[in-house]
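> Would you mind keeping the following structure in view while I ask a few things?
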């Protein structure tokens, strides 16, 4: 069964939300009110509501790095991941974990990058040469 994912979370400024998710990430804006806005996040629905962003802590082990937990993200085909990495680098995004290859030559080989939106909400974007390898062990 394939379906779309919906995730709602808090931000503190809807104009800045539009600049980041629409402008930097290139997500298409959907419906909105004075207190929330929806975006098409690579085929999934994000709803950002005015409020206090969730707290995170660097407790997730990614190789030798600690990344913020909880976090959310998306898995992209490698060409799309590369295009997004380039777009983020051009926008001078401060990466928690810059674009890099993990598990080279192993099952589950993937590219990854971690960054935060302007409100501290951590995002991971993974890239795979074949999306069929996502769950390879």
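> Would it be correct to say that residue 58 is surrounded by 14 or more Cβ atoms within 10 Å (Cβ to Cβ), without any contact (Cβ under 8 Å) to a residue 60 or more places away in the chain and touching a strand residue (DSSP E or B) at 6+ places or on another chain (Cβ under 6 Å)?
No; evaluated as a whole, the condition is false for this residue.
> Additional query: Sort out which residues of the stretch 79-97 are farther than 24 Å from residue 10 by Cβ and in contact with a helix residue (DSSP H, G or I) (Cβ under 9 Å, 6 or more places away or on another chain), and write them in order of number.
Within the stretch 79-97, 87 is the sole residue that qualifies.
Listed here are the residues, each with its yes/no results for (1) surrounded by 14 or more Cβ atoms within 10 Å (Cβ to Cβ); (2) under 12 Å from the mean Cα position of the chain (by Cα); (3) free of Cβ contacts under 8 Å to residues at least 24 places away in the same chain.
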site	(1), (2), (3)
8	no, no, no
11	yes, no, no
18	yes, no, yes
32	yes, no, yes
38	yes, no, yes
44	yes, yes, no
52	no, no, no
71	yes, yes, no
75	yes, yes, no
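> Hey, can you tell me all the residues within the stretch 83-137 that are in contact with a strand residue (DSSP E or B) (Cβ under 8 Å, 6 or more places away or on another chain), exposed (fewer than 13 other Cβ atoms within 10 Å of the Cβ) and closer than 29 Å to residue 52 by Cα?
Passing the criteria: only 94.
> Same structure, new question: Which residues, counting only those in the stretch 89-127, are outside any loop (DSSP other than H, G, I, E, B), over 17 Å from residue 72 (Cα atoms) and touching a residue at least 12 places away in the same chain (Cβ under 8 Å)?
Selection gives 100, 102.
> Another one. From the list 52, 64, pick out the single residue that is at pLDDT 95 or above and out of contact with any helix residue (DSSP H, G or I) (no Cβ under 8 Å at 6 or more places or on another chain).
52
The values are calculated or read from the model by the stated rules, or taken from the named source; none is laboratory data. In this text the structure is predicted, and so the values were computed from the model without any measurement. Counting neighbours? That spans all protein chains shown, and the Cβs are built from the backbone with ideal geometry, glycine included.
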